[in-house]
Amino acid sequence: MINKKVNSVQEALQGIEDNMTIMLGGFGLCGIPENSIAELVKKGTTGLTCISNNAGVDDFGLGLLLQKRQIKKMISSYVGENAEFERQMLSGELEVELTPQGTLAEKCRAAQAGIPAFFTPAGYGTEVAEGKETREFNGKMHVMELAYKADFSIVKAWKGDEAGNLIFKGTARNFNACMAGAAKITVAEVEELLPVGSLDPNQIHIPGIMVQRIFQGEKFEKRIEQRTTRKK
């Protein structure tokens, strides 16, 4: 059995250089690779193109990379609760490619499956379709979208084993599942790393063949993006 385990986040992110394209799993602050993002901040890697649903909040998640001006371009579906993301986009400091959320997920999944392109009706007749091939299917117009090409994909899972098999918990499955295996190198950050054979094969969401490196993270904060409480 091939062992994918690495001993630290530093070892897991070896090879990430300036101007690379990186996918990062998560939805808001749910299921984000916290340790990996913190390490990218420490590394000072710049000129990054980041593919992620959004950019977290101002002082956490990808917002930390935005604060340090380490991201050149964001490919996402939502500006979200991040005021700095909004400010950099409106001022022209940050290149932003807004993509319908389902299309973003499918562009990741297509890359994961080795499918170079697909047609979707989402975005036809809008700015999203400008410059892209369109075609009619069953009386409805569709836009051709290309699969993403990324150097690294960094995902976060609840449990994993040393062979790289992953289990996600609840809605933290979000974009992590479709980004695993969708880049040249996939790094998995897990809450609990177990020996091979410890996971029930019927519960595994992503097989180890999709993962090149896996490590156990630590000190996960798991912040709440928008806290809502019931009135008494």
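Quick notes on this one:
- Cysteines having no other Cys beta carbon under 4.7 Å from their own, within the chain: 30, 50
- DSSP bridge pairs, region 56-184: antiparallel proportion in percent, nearest 5: 75
- Dividing the summed -39500 (n - 2.57) terms of all DSSP H runs of n ≥ 4 by the residue count of the chain sets its mean residue ellipticity at 222 nm at -5000 deg cm²/dmol.
- Annotation: the antiparallel percentage among DSSP beta bridges lying fully within the chain is about 30.
- Shown for region 6-155: the carbon plus sulfur share of the solvent-accessible area, taken with all protein chains present and a 1.4 angstrom probe, equals 48%.
- For the chain, alpha-carbon Rg relative to the globular expectation (2.2 N^0.38 Å, N residues): 1.03
- Point-charge dipole on Cβ atoms (K/R +1, D/E -1) for the chain, about Cα centre, debye to 20: 480
- Solvent-free Debye scattering, log10 I(q)/I(0), computed from the Cα coordinates of region 100-181 at q = 0.11, 0.16, 0.21, 0.25 Å⁻¹: -0.38, -0.69, -0.96, -1.17
- Range in the chain, longest, excluding exposed GluC sites (Glu not before Pro) [loop by DSSP; at most 13 other beta-carbon atoms within 10 Å]: 134-217
- FRET efficiency estimate (nearest 0.05) - Cβ-Cβ, residue 41 to residue 228, R0 25 angstrom: 0.30
- Accessible area per residue for the chain is 51 Å², calculated with a 1.4 Å probe on protein heavy atoms, without ligands, DNA or RNA.
- Percentage relative contact order, the chain, counting C-alpha pairs under 8 Å, at least six apart: 23
The values are calculated or read from the model by the stated rules, or taken from the named source; none is laboratory data. Being a predicted model, the structure only gives us computed values, none of them experimental. Cβ atoms come from the backbone with ideal geometry, glycine included; neighbour counts cover every protein chain shown. The protein model used for the area step is the full one, side chains on, heavy atoms only, and it has no ligands, DNA or RNA in it. Shrake-Rupley method; radii C 1.70, N 1.55, O 1.52, S 1.80 Å.
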